Amino acid sequence: MNQLPILTILTLLPLLGGFIVVGIQDKRIARCFALGLSYLSLALALALWKSFDATNGALQFVEKHEWIPTLGVQYFVGVDGLGLLMVLLTSIVVPMALLVSDRITDRVSLYHGLILFLQAGLIGAFTALNFFHWFIFWELSLIPAFFLVRLWGGANRAPAATQFFIYTIVGSVAMLLSFLAIFHAAGKMDFIELAEMGRNGSLAGALSTNLGWYGLNSKPLVLIIAGGVLLGFAVKVPLMPFHTWLPSTYAEAPTPVTMLLTGVMSKMGVYGFIRVLLPLFGLQIGGERAQAVLLTLVVITIVFSACAAFAQKDLKRILAYSSINHLGYCLLAVFAVVKFTNAPEFGTEKAAALNGVFLQMFNHGLTAATLFMFVGFIEQRSGGVRGLNDFGGLRKTIPVFCGLMGIALFSSLGLPGLNGFIGEFLIFKGVFPLTPWAAGLSVIGILVTAIFILTIIQRVFAGPLNEKWAKLPDLTLRERVLVAIPIALMFVLGLWPRLVLDVINSTAVRMVEQLKF
Amino acid sequence: MAWIVKNLWLVPALPLLAAGLSALVPQRSRKFSASLAIGSMIGAFLLSLWAFAHALQHNGHENAKEVFNFAWLQFASGDAGILKLGWVLDPLTAVMLVMVTFIGTLIFIYSTGYMAHDDNFTRFFTFLSLFAAAMLGIIISNSLLLLFMCWELVGLASYLLIGFWYHKPSAAAAAKKAFITTRIGDVCFFLGIMWLYHQAGTLLFYDNGAGCMEQTALLKMVTQTTYFGLAVSAAIGILIFIGAMGKSGQFPLHVWLPDAMEGPTPVSALIHAATMVAAGVFLVARVYPLMAVHMDGAAVETAALQAVAWVGAITAVFAASIAVAQNDIKRILAYSTVSQLGYMMMGLGTGGVAVGMFHLITHAFFKALLFMGAGSVIHGCHEEQDIRKMGGIRNFMPATFLTYAVGMMALSGFPVFFSGFWSKDAILHAAHGWSVSHLPFYLGVAGAFLTAFYMTRQMALVFLGKYRGEKSQSPRHHAKSPLVVLKGVPVGGENDPHESPRSMTMPLIILAICAIALGAIGTPAWPWFQSFLGDHHGEGFTYDVIQLMVTSTLVVFAGLGLGLWLYGRKQRNTVDEPDVLEKLPMGMHAWFANKYGIDELYEMTVIRFNAWFARVCATIDEKFLGILVLLLSYFTVALGWVSNAFDNFVINLGFDQGCERVSRGGKLMSRLQGGRVQIYLRVIGVALVVLVLFLIWGGGK
């Protein structure tokens, strides 16, 4: 292993950078330093993307060192197509968020330091393959996020941050307990080895022989442990009914933090489902009764969140619910895939669904972050007003803003030609043959999404001009350049999805092949 | 492969390029964007002619469908994981291409006059070009996915153009209504695509025998049955047809189309009369093999085709009856469009591709003509759209009057000289011979009578009699319009109606010629059009055909006569006079005028339910779940305290220090931000305790 430990560098760079930034007194220098570091990370992530062998779906850039041998702890990192995509997404969204952080004037150094810590946590969580340090990074991303919401958030930030923290900590604790039980039973913390055990059934066996608990026989015990892991991820995505922290957190967090929360942190949950839960407990959550429950929950998530978005009056809350809705499609595909783990005749459908999930994760991260960025722009101009009914006729005063945000909105709606469509198409292509009823009900979500997105356009952009905003300034050149990049990406990915698909396809195919029990 | 087949993508690419470029130029580059749009359309038209000539040459070959397919992306391993897109050149494509580019060019030219004073002139041409590109994309698609993508883009362009005057709340609402109503259909269409993809393994229509509209795949789908005993092919066909119903304004998804008249009139002409709304008909024609496939020896009419025929027939007469009682010049035409689209569907369902498509083509010309004529009238009458406030316009706008009369005759199906007669008769003939039921035929005949009647009513109220507009009214929108000084126009008072500029009347004249001449290509004596589209059983003027023609002629004359008798003989004198039809028994006129209350019905049911359900979801979320979570969190915290205290007393050795450290950390944190984090940290501490307990417990066994 003579190659550069690029994943370690990618993780440590923001971590160490964060410590340095916190110590810098001068606001401007701290800001520039943080930005510079985020650009450097982006460059490294792009280099990683470039040197990734797309024909090979296995883990690459692997670094593995013994750490605490008695506890089975190793320092073990590596990425496949999915991890790579998420690292790239993180490295794109962080500079976007930092660039719109110029409104933060209070404790600038601490703020930028915390964002860098968050980045380190995210990249660490997307690359770590041993539970021990994976969990450290998982929590490392939570703590800065909590303080970012708590210290720089809106008027109701305190309860929102508390709710966010409690929810995620409960999920984390449940997951930690489950993993300690797993470690106790199997003596391993290595995801890859555990996945192998999950596949050949020895994990469930080990759990039931090594853990006796109130005389529970093996099946419910394994289900409880799987449920603990599931809860940890379900809160993060979120899956209803573990979602109530999300709207208020997204609404109260400062815009750049919301961009990170929805753009990247929400993907950690989906990532966890695919990387950890599916390989380890595919058999358990793929069981008929678990499936019925999970698929029902996910359909409810998709439809309810879209409908709830329609009833909101705050732009940020609308987008927050829309975020739940979009990630719901990811979980729909994940659950549909796991239902048919032992059906080789559905290989194409499962690969389509997984590829769709990967694409949807990336595209949603890009689009949702951009949309929140636009809301941030309008909030900045209106002095904090961001109600659905507070505006009207803005196309007349700020046409460029409306045009560009319109593109992002239509991308979120899933218009073909923009990035949102192809992920949803592949998901439904995969899911429809697997669970027609769930797919059929979930398209209601697509319809309602169109309704609330067009309502935003109707109320905010169209109609007679609200005289109060007659002098609103349009996007500055800097802001235009800033949004032009993600919007250009939306077009490119919408028309030429191969750019991403060719890199992730082998990973999806490999995962489908490996998901056999 | 011929050059034109390989490069057919250029046809939509040209307007797309124009749209992209003019989206980037500033608003003041009016000339640039208009000439770019028109130039690209002319280019597309020339290419379409080339493609048409190629298709003509190729016609009669065994394989008249030439395709070009390419891999777009790969989403799984192997061949099944390659998603291909492509385009096809066949007679259907060729005919539609020429029609759309030709009418499109004319309407683009017309728009330079109509929109000359609009602030967002540049944007208008951007959207028009985008529309043209997407529409042409639908036509050339050889993949249902590519077709669907363009289909959605067409919906977007339509949305943008209906809401073009975005400052009008009615326009913004109409745009949203259009997009969402069509999207209801599209969601079913989407499911149909998924199902078809699963069954056929491909979404390419034609792929040297492996396409989803070719024998192998069709046979596979027709031999399986699904819910309600439907063949899978028919079920998929019906799902796709629901998409077509949305876009083509078929009952009960027609409600958006009349509201779409909020858009500028050229938009109504191009999108909501001639081309886009016909996309649904085109879609059915494109997937006709799927709809029509049936088991050997089974009943000849498949469920899918029956659905098409019935929906079409009901829509045809339903919309025509509404048109009878409308007073807005554009709304009458809008309902007439809905009704005519119903005829096309009926033609497809009962007679096949050629019958439906022939009416689509002729209708595109005369309906574009009528809408542009209406636009000219509206323009001339200072943006007035109420026909009760018009009258006598023939004296002010002779060119518009004459061309409008041609369009009206064609739409009414006036015998022999007008194209509408031939295409409508073909549909009635097909419906007459339909094996399932004769009812669609009678509905069609009733619709024909109503069509002739309402068009005569409109004609009489707008062009005959005396001008009823308010002459003394102060000029509103177009007082500064240079149009009033055009030569050869009887310029009356300053506020009198005036003829439109050359850029608007020239397209009218060209379309009027087409509205007459096009009939010649599809008469029973020389059914060239039908045989070009692959329908080879022309019958000539048999006894049946002539008998039917006489019948329909009589029906049309009855409609014309009644219209003239009621509205032409004695003109209304004032604007407020009640309509003659209000004397009809049982409040029929009110039903017609209120569109059978369908909008209100939806308002009361679907829309209210949607809003109610959204509120329920939000309330469940905020109140119920929120409180539940809050309680849970309090409960957890309380449990944490109790547990902590318990631990301190019971196991106060090893863990005391641990808790101490945790609480010191908590104090540190709380100094950082003064919140109540120590509580949660304590929760973690407790959790750790529980965990250790658990491990000890489990490990003991």
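The values are calculated or read from the model by the stated rules, or taken from the named source; none is laboratory data. All of these numbers come straight from a predicted model, not from anything done at the bench. Note that we place each Cβ from the backbone using ideal geometry, even for glycine, and neighbour counts take in every protein chain shown.
Listed by position, the helices (runs of 4 or more DSSP H) enclosed by region A:383-448 include none that has at least 1 residues that are among the polar types (S, T, N, Q), over 21 Å from the mean Cα position of the chain (by Cα) and within 11 Å of another protein chain (Cβ to nearest Cβ). Residue count for region B:496-508 under the criterion of being surrounded by fewer than 24 Cβ atoms within 10 Å (Cβ to Cβ) and farther than 19 Å from B:N395 by Cβ: the result is 3.
B:I180 meets each of the listed conditions (1) in a helix (DSSP H, G or I); (2) more than 8 Å from chain A (Cβ to nearest Cβ) apart from (2).
Could you list, in sequence order, the residues of region B:388-402 that are assigned to a helix (DSSP H, G or I) and either under 31 Å from the mean Cα position of the chain (by Cα) or of a type in the set (K, R) (or both)?
Taking region B:388-402 as the starting set, the residues that turn out to be assigned to a helix (DSSP H, G or I) are B:388-389, B:393-396, B:398-402.
Result: B:R388, B:K389, B:R394, B:A399, B:T400, B:F401, B:L402.
Residue count for region B:166-176, restricted to those that are of a type outside the set (A, V, I, L, M) and buried (at least 17 other Cβ atoms within 10 Å of the Cβ): 2.
Checked against (1) outside any helix (DSSP H, G or I); (2) within 13 Å of chain A (Cβ to nearest Cβ); (3) buried (at least 24 other Cβ atoms within 10 Å of the Cβ), B:L147 meets all criteria but (1). When A:E288, A:E252 are checked against the criterion of being of a type in the set (D, E) and more than 23 Å from A:L122 (Cβ to Cβ), A:E288 stands alone in meeting it.
Yes or no, residue by residue, for (1) surrounded by fewer than 15 Cβ atoms within 10 Å (Cβ to Cβ); (2) β-branched (V, I, T); (3) under 23 Å from the mean Cα position of the chain (by Cα):
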{"position": "B:Y206", "(1), (2), (3)": "no, no, no"}
{"position": "B:E214", "(1), (2), (3)": "no, no, no"}
{"position": "B:T223", "(1), (2), (3)": "yes, yes, no"}
{"position": "B:F228", "(1), (2), (3)": "yes, no, no"}
{"position": "B:A234", "(1), (2), (3)": "no, no, yes"}
{"position": "B:A244", "(1), (2), (3)": "no, no, yes"}
{"position": "B:K247", "(1), (2), (3)": "no, no, yes"}
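Filtering region A:192-205 down to residues that are surrounded by fewer than 19 Cβ atoms within 10 Å (Cβ to Cβ) and of a type outside the set (S, T, Y), which residue is nearest to the other protein chains (Cβ to nearest Cβ)? Outline the logic, then answer.
Of region A:192-205, the ones surrounded by fewer than 19 Cβ atoms within 10 Å (Cβ to Cβ) are A:192-193, A:196, A:199-202, A:205.
Checking which are of a type outside the set (S, T, Y) leaves us with A:192-193, A:196, A:199-201, A:205.
On the way: A:I192: 22, A:E193: 21, A:E196: 22, A:R199: 19, A:N200: 23, A:G201: 21, A:G205: 16 Å.
Among residues in region A:192-205 that are surrounded by fewer than 19 Cβ atoms within 10 Å (Cβ to Cβ) and of a type outside the set (S, T, Y), the one nearest to the other protein chains (Cβ to nearest Cβ) is A:G205.
Go through B:P289, B:P266 for me and flag whichever is farther than 25 Å from B:L92 by Cα, not in a loop (DSSP other than H, G, I, E, B) and not β-branched (V, I, T). First the steps, then the outcome.
Details: B:P289 fails: farther than 25 Å from B:L92 by Cα.
Residue meeting the stated conditions: B:P266.
Scanning region B:582-621 for residues that are within 30 Å of A:I300 (Cβ to Cβ) and aromatic (F, W, Y) turns up B:Y602, B:F609, B:W612, B:F613.
Evaluate the following for B:S48: is it buried (at least 17 other Cβ atoms within 10 Å of the Cβ) and over 26 Å from B:L204 (Cβ atoms)? Reasoning before the result, please.
Values: buried (at least 17 other Cβ atoms within 10 Å of the Cβ): yes; over 26 Å from B:L204 (Cβ atoms): no.
When the stated conditions are applied, B:S48 does not pass them.
When A:V357 is tested against the conditions (1) buried (at least 24 other Cβ atoms within 10 Å of the Cβ); (2) over 20 Å from A:V264 (Cα atoms); (3) within 19 Å of the chain's Cα centre (by Cα); (4) not basic (K, R), the lone failure is (2).
The set of residues from region A:165-191 being closer than 30 Å to A:T255 by Cα, hydrophobic (A, V, I, L, M, F, W, C), within 11 Å of chain B (Cβ to nearest Cβ) and touching a Phe, Trp or Tyr at 6+ places or on another chain (Cβ under 8 Å) comprises A:F165, A:I166, A:I169. Scanning region B:80-98 for residues that are part of a helix (DSSP H, G or I) and within 14 Å of chain A (Cβ to nearest Cβ) yields B:A80, B:G81.
Would you check if B:A405 is surrounded by fewer than 20 Cβ atoms within 10 Å (Cβ to Cβ), within 21 Å of B:N327 (Cα to Cα), under 30 Å from the mean Cα position of the chain (by Cα) and at pLDDT 85 or above? Against the criterion (surrounded by fewer than 20 Cβ atoms within 10 Å (Cβ to Cβ), within 21 Å of B:N327 (Cα to Cα), under 30 Å from the mean Cα position of the chain (by Cα) and at pLDDT 85 or above), B:A405 qualifies.
Within region B:150-172, take every residue that is of a type in the set (A, V, I, L, M) and free of Cβ contacts under 8 Å to residues at least 24 places away in the same chain and give me the one that is nearest to the other protein chains (Cβ to nearest Cβ). If you could, list the steps in order and put the result at the bottom.
Pass one, region B:150-172, residues of a type in the set (A, V, I, L, M): B:153-154, B:156-157, B:160-162, B:171-172.
Still in the list and also free of Cβ contacts under 8 Å to residues at least 24 places away in the same chain: B:153, B:172.
On the way: B:L153: 6, B:A172: 4 Å.
Among residues in region B:150-172 that are of a type in the set (A, V, I, L, M) and free of Cβ contacts under 8 Å to residues at least 24 places away in the same chain, the one nearest to the other protein chains (Cβ to nearest Cβ) is B:A172.
Of the residues making up region B:183-218, those that are within 10 Å of chain A (Cβ to nearest Cβ) and farther than 16 Å from A:P436 by Cα are B:R183, B:I184, B:D186, B:G201, B:L203. Among the residues of region B:597-645, write down those that are closer than 14 Å to B:V683 by Cβ and of a type in the set (F, W, Y). Residues satisfying the conditions are B:Y634, B:F635, B:W641.
I'd like the full set of residues that are in contact with a His (Cβ under 9 Å, 6 or more places away or on another chain) and at pLDDT 85 or above, limited to region A:354-394. So that I can check it myself, show each step before the final result.
Filtering region A:354-394 down to residues in contact with a His (Cβ under 9 Å, 6 or more places away or on another chain) leaves A:360, A:363-364, A:367-368, A:393.
Scanning region A:354-394 gives A:Q360, A:N363, A:H364, A:T367, A:A368.
Where helices (runs of 4 or more DSSP H) fall entirely within region A:107-223, those with at least 2 residues that are modelled with pLDDT of 80 or more are at A:108-127, A:131-152, A:157-186, A:191-200. Any chance region A:460-481 includes a residue that's buried (at least 23 other Cβ atoms within 10 Å of the Cβ), more than 10 Å from every other protein chain (Cβ to nearest Cβ) and over 30 Å from B:L196 (Cα atoms)? There is at least one residue in region A:460-481 that is buried (at least 23 other Cβ atoms within 10 Å of the Cβ), more than 10 Å from every other protein chain (Cβ to nearest Cβ) and over 30 Å from B:L196 (Cα atoms). Listed by first and then second residue, the pairs linking a residue in region B:390-408 that is farther than 12 Å from B:Y467 by Cα to a residue that is buried (at least 24 other Cβ atoms within 10 Å of the Cβ) and among the polar types (S, T, N, Q), with Cβ atoms under 6 Å apart and 6 or more places separating them unless they lie on different chains, are B:T400/B:S376. Among the residues of region A:60-82, just one is more than 22 Å from A:I123 (Cβ to Cβ), assigned to a strand (DSSP E or B) and free of Cβ contacts under 8 Å to residues at least 60 places away in the same chain, namely A:E66.
So, in region A:498-511, of the ones that are facing another protein chain (nearest Cβ under 8 Å) and surrounded by 24 or more Cβ atoms within 10 Å (Cβ to Cβ), which residue ends up farthest from A:V276 (Cα to Cα)?
A:L501
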